[in-house]
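Just below is one structure, and these are the notes that go with it.
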Amino acid sequence: MKKIGVLICDDSALMRMTIKKLIESDRHLYVVGTARDGEDAIEKARTLKPDVITMDINMPGLDGLSALQIIVHEEIAPVIMVSSLTQEGAVTTFEALELGAFDYVGKPGGTVSSDMSSVARELLEKIKAAAAYDPKSKLVRKTHTQKRESKKTIRLKPRKAVRKPSKPSDIDFAAIAIGISTGGPKTIFEVLPYLPADLNAAIFLVQHMPPNFTSSFAERIDQNTALRCVEANAGMLVEPSNIYLGKGGHHLT
C-alpha cells in the first residue's frame, strides 16, 4: 500500500508539531511538510504535491478559506479543515465545505489545543478517506467506517402530513433515511441540491457531528437546497419535502 503524504498548515508551531506526531503514528501516513499560513501552504503544496492537506482556518496573512479556494481551483489535493469547536467555528467550517473542503476535524480545546489525541482516530481516518476520494467521479473508492456512540435518543412521532406538494415527484416512497460519516458534509452539499422542491418524501439525515455544529449544518442545507431543512425535535410533525437533521450527540428514530 502506497503511503499517504500529508501537508500540515497551521500558524501554531505547537499544533503543527502535535498533528505531525499524530500522523506519523500511523504507518500508512507520513508528513511531506508543514506550513505556517495560507500562502506558505499554497507554495509548498505546489512543490511537494501532497496527497492530502490539513488546513487551519484562522491564520494571519492569507487565511485557511482563501488558501482553500486556490488549492481547490488548482486541484492540488483534497483539504481537511482543522477548526475550532465553537458556534463561530461551525459557520466558518461549513463555508469551507461549500468552497470544496473534503471534510473537517474539530480542535477539542479551541483554536490551539494540545489535546488533539482525543480526535486522533477521526483525523487519521479522514486523511485516508480524503486520499481515496476521486473528485472526477465524486465517489470514495474505499470506505473507512467509524463506530460511534451517542449519548441520547430523540424520538420523532410521525403524523400524517397536513400538506401535499403541488406537483408530486415520481418518487413513490414516503421517507428517505441517509446516514453519513467521513466526507459526509461534502457529499450532502453535492447531492441534496439536485432534489426537487416537490419531493413527495421526508428525508431523515444523520451525520456524526459535534452538538453545536448541527444547527449551522441545518441552516446551510436549508440555504443551499430547494427543500426545507431543520434540526429534528421530539414530537415534531413530519412532512414531505422536508429534511430532518439529527442533533449532534443524539440518535434519530
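The values are calculated or read from the model by the stated rules, or taken from the named source; none is laboratory data. The model shown is predicted, which means the values in this text are computed figures rather than measured ones. As a convention, Cβ positions derive from the backbone with ideal geometry for all residues, glycine included, and neighbour counts pool all protein chains shown.
Results, tabulated for the structure shown:
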read-out	value
Scope region 187-233; condition touching a residue at least 60 places away in the same chain (Cβ under 8 Å), touching a Leu at 6+ places or on another chain (Cβ under 7 Å) and among the hydrophobic types (A, V, I, L, M, F, W, C); matching residues	F189, F217, A232
Residue satisfying all of: in region 28-70; under 13 Å from R16 (Cβ atoms) and in a loop (DSSP other than H, G, I, E, B); modelled with the lowest pLDDT among these	M59
Residue count for region 219-253, restricted to those that are out of contact with any Ser or Thr (no Cβ under 8 Å at 6 or more places or on another chain), over 19 Å from V91 (Cα atoms), modelled with pLDDT under 90 and not in a loop (DSSP other than H, G, I, E, B)	1
Some residue of region 48-64 being free of Cβ contacts under 8 Å to residues at least 12 places away in the same chain and not small (G, A, S)	no
Residue check for P60: exposed (fewer than 15 other Cβ atoms within 10 Å of the Cβ) and either under 24 Å from R121 (Cβ atoms) or not aliphatic (A, V, I, L, M) (or both)	yes
Test result for E75, free of Cβ contacts under 8 Å to residues at least 24 places away in the same chain and more than 18 Å from the chain's Cα centre (by Cα)	no
Residue match in region 208-216 (condition: modelled with pLDDT of 85 or more, within 20 Å of the chain's Cα centre (by Cα), among the aliphatic types (A, V, I, L, M) and buried (at least 16 other Cβ atoms within 10 Å of the Cβ))	no
